[in-house]
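A.B. asks: Here it is, the structure, as structure tokens.
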Amino acid sequence: MRVVGWVVKIVIFVLLVGFAVKNTDPITVRFYLGYEWHSPLVFVILVFFAAGAAFGALSSLPYAFRHRREIRALRRALDKRPEVTSGDAPPPERAAGQTTADLS
């Protein structure tokens, strides 16, 4: 299975290198106030892809920190609970009209 993974990675790498070699034409990216940036197309694509990935990762940080805080609080609450061993387990509560055989 590892060999298949490496083969897939190598194929993807070769395809990306081929894409980079085919797209080396210089382009001009025009910003506001007359600012222009001259660079190869593949470099511009790489920069904007990396910026988008970084923006996406940064925008998910508040959710990750909130979940970490919630997990920490739940672990503290779990640590405060008294441990129940199998011999000390209280009997299950019965509903009205329920027999012991119904609980099994």
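The values are calculated or read from the model by the stated rules, or taken from the named source; none is laboratory data. Just so it is clear, the structure is predicted and the values come from calculations on it, not from any experiment. Positions of Cβ are backbone-derived with ideal geometry, glycine not excepted, and every protein chain shown enters the neighbour counts. Each accessible area value is taken on the protein alone, full model and side chains, heavy atoms only, with ligands, DNA and RNA left out. Shrake-Rupley method; radii C 1.70, N 1.55, O 1.52, S 1.80 Å.
A.B. asks: With a probe of 1.4 Å, find how much accessible area the stretch 1-58 has per residue, and write the answer as a whole number in Å².
C.D. replies: Values: 5200 Å² over 58 residues.
Value returned for the stretch 1-58: 90 Å² of accessible area per residue.
A.B. asks: Just to verify a number: what accessible area does Phe31 come out at with the full protein assembly present, 1.4 Å probe, Å² rounded to tens?
C.D. replies: Rounded to the nearest 10, the figure is 90 Å².
A.B. asks: Residues with amide H under 5 Å of Ile27's amide H, sequence separation 5 or more or different chain, H placed in the peptide plane at 1.01 Å from N; which?
C.D. replies: Here Ser39, Leu41 satisfy the definition.
A.B. asks: Can I ask one more? Please provide three numbers in whole Å: the alpha-carbon extents of the stretch 1-64 along the principal axes, with the largest listed first.
C.D. replies: Between the extreme Cα coordinates on each principal axis of the stretch 1-64 lie 54, 40, 6 Å.
A.B. asks: Apply the Karplus parameterisation 6.51 cos²θ - 1.76 cosθ + 1.60, with θ equal to phi minus 60°, to every residue of the stretch 13-20 and state each ³J(HN,Hα) to the nearest whole Hz, in sequence, with x for glycine and proline.
C.D. replies: Once rounded to whole Hz, the list reads 4, 5, 5, 5, 5, x, 4, 5.
A.B. asks: Given R₀ = 41 Å, FRET efficiency for Thr28-Ala73 by Cβ-Cβ distance, to 0.05? The partial results should precede the final answer.
C.D. replies: Numbers: r = 53 Å, r/R0 = 1.29.
That gives a FRET efficiency of 0.20.
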